[in-house]
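As structure tokens, the structure follows; a few thoughts come after it.
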Amino acid sequence: MEEYLYKEETYDIIGCAMEVHNELGCGFLEPVYQEALSIVFREKNIPFVKEKSLDIKFKGQVLNKKYIADFICFDKIIIELKAIDTINSQHLAQVINYLKCTDKRLGLIINFGTSSLQYKRVIL
């Protein structure tokens, strides 16, 4: 059985998100949580790139349209933030596409839009 992929890194990221959610609660727009999470990532020395542009390829050509990942942490985990009622299949498909574009294996969808923080691991 394969070990839990990026267990420590995932634990650290989710811990940061919980810290943000515990202080801000739900009800803010996604950019507020993104900015707050950036602050906590810096405090906890978690390496990240915010709003990373991702190339999309079609038939060997890079398209002009790009995906924008909210964060890439530890240069291997894609983070997609939401501030919505619930995580659905469209959000899962979005992160799967991000993983395909980057050849990364793990994505996290983190939803600040509910009274308790929601998160979903997506493995490709």
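Taken together, the values in this text are just the output of simple stated rules run on the coordinates, not laboratory data. None of these values were measured; they are calculated from a predicted model. Here the Cβ is made from the backbone with ideal geometry for all residues, glycine too, and neighbour counts use every protein chain on show.
Through the Karplus equation 6.51 cos²θ - 1.76 cosθ + 1.60, θ set to phi - 60°, convert the phi angles of region 62-70 into ³J(HN,Hα) values in whole Hz; use x for Gly and Pro.
7, 6, 5, 6, 10, 8, 10, 7, 4
Determine by what factor the alpha-carbon radius of gyration of the chain differs from 2.2 N^0.38 Å, reporting the quotient.
In units of the globular-protein estimate, the chain measures up at 1.04.
Reachable lysines from Lys52, Cα under 22 Å, same-chain residues fewer than 8 places away excluded?
Counting by Cα, and skipping residues close in sequence, Lys52 has these lysines nearby: Lys44, Lys65, Lys66, Lys76, Lys82, Lys100, Lys104, Lys120.
Please give the length that would be gained between Ser53 and Asn97 if that part of the chain were fully extended, namely 0.36 nm times their separation in residues minus their C-alpha to C-alpha distance (nm, one decimal).
Using 0.36 nm per residue and subtracting the Cα-Cα distance, I get 14.5 nm.
At a Förster radius of 22 Å, what calculated FRET efficiency corresponds to the Cβ-Cβ distance of Glu35 and Arg105, to the nearest 0.05?
E between Glu35 and Arg105, to the nearest 0.05, is 0.20.
Rounded to the nearest 20 Debye, what is the dipole magnitude of the chain about its Cα centre when Lys and Arg each give +1 and Asp and Glu each give -1 at the C-beta?
Its charge dipole is roughly 620 debye.
For the residue pair Asp85 and Leu5, what label-to-label distance in nm results when each label sits 7 Å from Cα along the Cα-to-beta-carbon direction?
Those two pseudo-labels are separated by 3.0 nm.
For the chain, what relative contact order do you get, as a whole percent, if you take Cα pairs closer than 8 Å and at least 6 residues apart?
23 percent
Once you've got the GNM for the chain with C-alpha springs shorter than 10 Å, pick whichever of Gln90, Gln61, Gln34 has the biggest mean-square fluctuation.
Comparing Gln90, Gln61, Gln34 in a Gaussian network model of the chain, the most mobile one is Gln61.
What does the charge count near Gly15 come to, summing +1 for each Lys or Arg and -1 for each Asp or Glu among other residues with Cβ under 14 Å from its Cβ?
-4
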